[in-house]
Amino acid sequence: MFMDPDTHLIPSGSAAAGESVAALDIQGVSMVFGRGDAAHTVIDRLDFQVRHGEFLCIVGASGCGKTTLLRLLAGLASPTHGAVSFLGGAIKGPSRDRAIVFQDYGRALLPWRTVYGNISLALENTPLGKRQRHERILELANKMGLAHAVDRYPDQLSGGMQQRVQIARCLAQDPKLLLMDEPFGALDAITRQSLQDEVARLTREHRTTVVFITHDLEEAIYLGDRVIVLAANPGRILADIAIPISRPRNQLTTREEPVFLDLRHQVYGLLEGH
Ligand SMILES: Nc1ncnc2c1ncn2[C@@H]1O[C@H](COP(=O)(O)OP(=O)(O)OP(=O)(O)O)[C@@H](O)[C@H]1O
Ligand SMILES: [Mg+2]
């Protein structure tokens, strides 16, 4: 597959170098809000695929339709035109296969349930037995650094811990597709970096396909196998960039690599121009 060695740009709509199987397929997707004179095209004819197990990051200015796109992928809304499918089936509504992590972790948790109870939510009404459910909750709480806090309520947790609970709950349902909408936007830099590494590690371990939305282009390059840059008004693909940086990545050294800095320069330039 074509990939420009200098810019790492690949044509929009194509998978990143080398691999093939598309898990998520977005074809000619547009989203128009309102009717008649009030009609407002928020997303305009998006075409792209996400490979099985790929970590795709999407960056773009505020209002370019990122959350709207994620809602379409979660099945929380339907496109005005075009088709969205996952693993060969049209997305027609929410499904256990697809989990979404919202930016606003405060509102995503049930305040009357403990950490344990909030993670447990994802496992209720599943065939899992009581004992297996218990083990899975503790395993995830442990992986997300919450083992000491399982009996606490959301208002007894820091922002970073609350976001860990939301992520643990999403991972508990063992989704095939993990959708994340600026999940670390409200966190301090250190917490943010540690959660970036946890999410990268866990999703890789489980071969989860990820669509991760962020304003932060360094975060996108650090986490992504690929970064899609969206332009606004209407939301459309400006560039689809493969990230040829090996894993595991390191918060200090990766961010200092010439290829990282070069990519940062490119994406910044693209966003600045729009
Ligand atoms: N249900 C809706 N009805 C009408 N307009 C909407 C609706 N949802 C979103 N919009 C509009 O669509 C545009 C894109 O919104 P969206 O939330 O997708 O942007 P975003 O890229 O996620 O922005 P941000 O980075 O600020 O979160 C905005 O102009 C918004 O007002
Ligand atoms: Mg948004």
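So here's what we get for this one:
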quantity: Nearest 10 degrees, 0 to 90: helix 189-205 Cα axis against the chain principal axis; calculated: 90
quantity: Set of lysines near Lys92 by C-alpha distance (under 21 Å), chain-local residues within fewer than 8 positions excluded; calculated: Lys66, Lys176
quantity: Leading residue at positive end of dipole, the chain (Cβ point charges), from Asn233, Gly106, Gly53; calculated: Gly106
quantity: Approximate spin-label separation Glu205-Gln251, in nm, with each point projected 7 Å along Cα-to-Cβ; calculated: 1.8
quantity: Cβ-based charge dipole, the chain, positive-most Cα from Ile137, Thr191, Val165; calculated: Ile137
quantity: Accessible surface, 1.4 Å probe, highest first, among residues Asp151, Asp262; calculated: Asp151, Asp262
quantity: Area accessible to solvent at Glu257, 1.4 Å probe radius, in Å²; calculated: 70
quantity: Cleavage-rule hits (chymotrypsin sites (Phe, Trp or Tyr not before Pro)) in segment 100-175: DSSP loop, at most 14 neighbouring Cβ within 10 angstrom; calculated: Trp112
quantity: Over the chain: helical MRE at 222 nm, DSSP H runs n ≥ 4 each giving -39500 (n - 2.57), nearest 500; calculated: -9500 deg cm²/dmol
quantity: Estimated dipole of the chain in Debye, rounded to 20 [Cβ of Lys and Arg +1, of Asp and Glu -1, Cα centre]; calculated: 1100
quantity: Isotropically averaged projected area of segment 22-148, using the convex hull of Cα atoms (one quarter of hull area), nm²; calculated: 10.4
quantity: Cut-off under 5 Å, modelled amide H: who pairs with Thr80 long-range; calculated: Ser30, Met31, Val32
quantity: Sparsely packed trypsin sites (Lys or Arg not before Pro) within segment 203-253, loop by DSSP, other Cβ within 10 Å at most 15; calculated: Arg207
quantity: The chain: Rg to Rh, with Rh as the Kirkwood radius over Cα pairs; calculated: 0.97
quantity: Segment 108-174 pair-distance distribution - Cα-Cα, 10 Å bins, rounded %; calculated: 25, 60, 15, 0
quantity: Crossing angle, helix 159-172 versus the chain [Cα axis fit, 0-90 degrees, rounded to tens]; calculated: 90
quantity: Among 179-190, 35-46, 211-222, the order from most to least packed when residues are scored by Cβ within 10 Å on average; calculated: 211-222, 179-190, 35-46
quantity: Trypsin sites (Lys or Arg not before Pro) restricted to DSSP loop in segment 62-137 with at most 10 other C-beta within 10 Å; calculated: Lys92
quantity: Label point distance in nm, His134-Arg113, each placed 7 Å from Cα along Cα→Cβ; calculated: 1.8
quantity: On Cα atoms only, tilt of 130-143 relative to the major axis of the chain in degrees; calculated: 60
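The values are calculated or read from the model by the stated rules, or taken from the named source; none is laboratory data. Keep in mind the model is a prediction, meaning the values are calculated, not measured. Cβ coordinates were reconstructed from backbone atoms using ideal geometry, including for glycine residues, and neighbour counts include every protein chain displayed. Surface areas here come from the heavy atoms of the whole protein model, side chains and all, with no ligands, DNA or RNA. Shrake-Rupley method; radii C 1.70, N 1.55, O 1.52, S 1.80 Å.
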